[in-house]
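Working notes for the structure below.
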Amino acid sequence: MRFIARCNVSAPIRLLFVLLGFCILGTQAVRAQSCGDDITRTTGLCVQKRGLDAALDCRQAAVRDCACNTATNRCSGANGSCNAQLEAEAKINVDWILTDRGARSTFESHKQLGESPFDAAVSAQAHNPPVQKLLRQCRGWVEAYLGRGGPCTLSDTPPDATTCRCITVLPTGQFDQTGAPSYKVSSSCTGAYNISVQFIDASASGAPPSTGQPQLVCPSKSFVVRAPQTFLIPSISGVRLQSANGGHTCVCRDKLCS
């Protein structure tokens, strides 16, 4: 005769055990992410930020944002349209996955486990649930982008002063609603670099500069950057080039960087 002991455990306590399991498994090898895996991981990250008192709210939000596709047992993301601005944000985050060594390794590991490129990209952003939600909202665009091979590969060659000669920064002549100007940053370099633009406010002597978010720029490509809206007289003081093995800051004067 077998005796089976049953314990009546409340839902909050069960959830606590699940979260403890998340913490224990967090450092183990990656594996294919089911809806339950995604929900548990997202809930755990939320609880780490908000505390155990918010555990139930965190889980409810994770379930809602997952919008599980029962046919594939994969999160499909909450319903919502993906406009041009969201596509641009999605591109920045996908490019980071493909150029950051750690994120790229995670991405490739998940693909080897049988995940689609899209699911692998979402898994590589497991530390950042808001980005996962963004990628799911823009799923069609992300899948098409990854299907084209994504961006070019980040150069292995460290940039130096000579590399600055293949970077140009020109005003577009366009302004946003606050009057802040925009600039077109173009690359004629033979390699691809993560490029960020550094602005200073010429009206505020001694004020700290503002550096924009890096963007992966392929050879013969360009991107548009806007000056900070709080700067009265914005001026570009430098452009930061980053390769896989080093970086260099170009000093810019009169639209030329060196």
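The values are calculated or read from the model by the stated rules, or taken from the named source; none is laboratory data. These numbers were taken from a predicted model, which means no experiment stands behind them. Here the Cβ is made from the backbone with ideal geometry for all residues, glycine too, and neighbour counts use every protein chain on show.
Quickly run through the range 49-58 and pick out the residues that are surrounded by 13 or more Cβ atoms within 10 Å (Cβ to Cβ) and closer than 21 Å to L135 by Cβ. Selection gives C58 alone. Restricting attention to the range 156-169, the residues being in contact with a helix residue (DSSP H, G or I) (Cβ under 9 Å, 6 or more places away or on another chain) and crowded, with 16+ Cβ neighbours inside 10 Å number 0. Residues of the range 210-221 that are surrounded by 15 or more Cβ atoms within 10 Å (Cβ to Cβ), out of contact with any helix residue (DSSP H, G or I) (no Cβ under 7 Å at 6 or more places or on another chain) and not charged (D, E, K, R): S210, T211, G212, P214, V217, C218. Scanning the range 195-219 for residues that are touching a residue at least 40 places away in the same chain (Cβ under 8 Å) and under 17 Å from S237 (Cα atoms) gives I195, S196, V197, Q198, Q213. Exactly one residue out of A144, A202, A180, A207 is touching a Ser or Thr at 6+ places or on another chain (Cβ under 7 Å), at pLDDT below 90 and hydrophobic (A, V, I, L, M, F, W, C): that is A202. Suppose we filter the range 107-143 for residues that are more than 15 Å from the chain's Cα centre (by Cα), more than 15 Å from D95 (Cα to Cα) and not acidic (D, E); how many remain? Going through the range 107-143 one residue at a time, the tally reaches 8.
Residue count for the range 170-197 satisfying the condition of being among the hydrophobic types (A, V, I, L, M, F, W, C) and crowded, with 20+ Cβ neighbours inside 10 Å: 5. Condition first: surrounded by fewer than 20 Cβ atoms within 10 Å (Cβ to Cβ), closer than 24 Å to N93 by Cβ and among the aliphatic types (A, V, I, L, M). Can you find one or more residues in the range 243-250 that meet it? Yes, the range 243-250 contains a residue that is surrounded by fewer than 20 Cβ atoms within 10 Å (Cβ to Cβ), closer than 24 Å to N93 by Cβ and among the aliphatic types (A, V, I, L, M). Tell me, please, whether a residue that is in a strand (DSSP E or B) and farther than 26 Å from A244 by Cβ can be found in the range 184-191. The answer is no, given that none of the residues of the range 184-191 is in a strand (DSSP E or B) and farther than 26 Å from A244 by Cβ. Taking every residue in the range 170-188 that is under 17 Å from P214 (Cα atoms) and among the aliphatic types (A, V, I, L, M) and pairing it with any residue that is in a strand (DSSP E or B) and at pLDDT below 90, at least 6 positions away or on another chain, the pairs with Cβ-Cβ distances below 7 Å are V185/V169; V185/S222; V185/F223; V185/V225.
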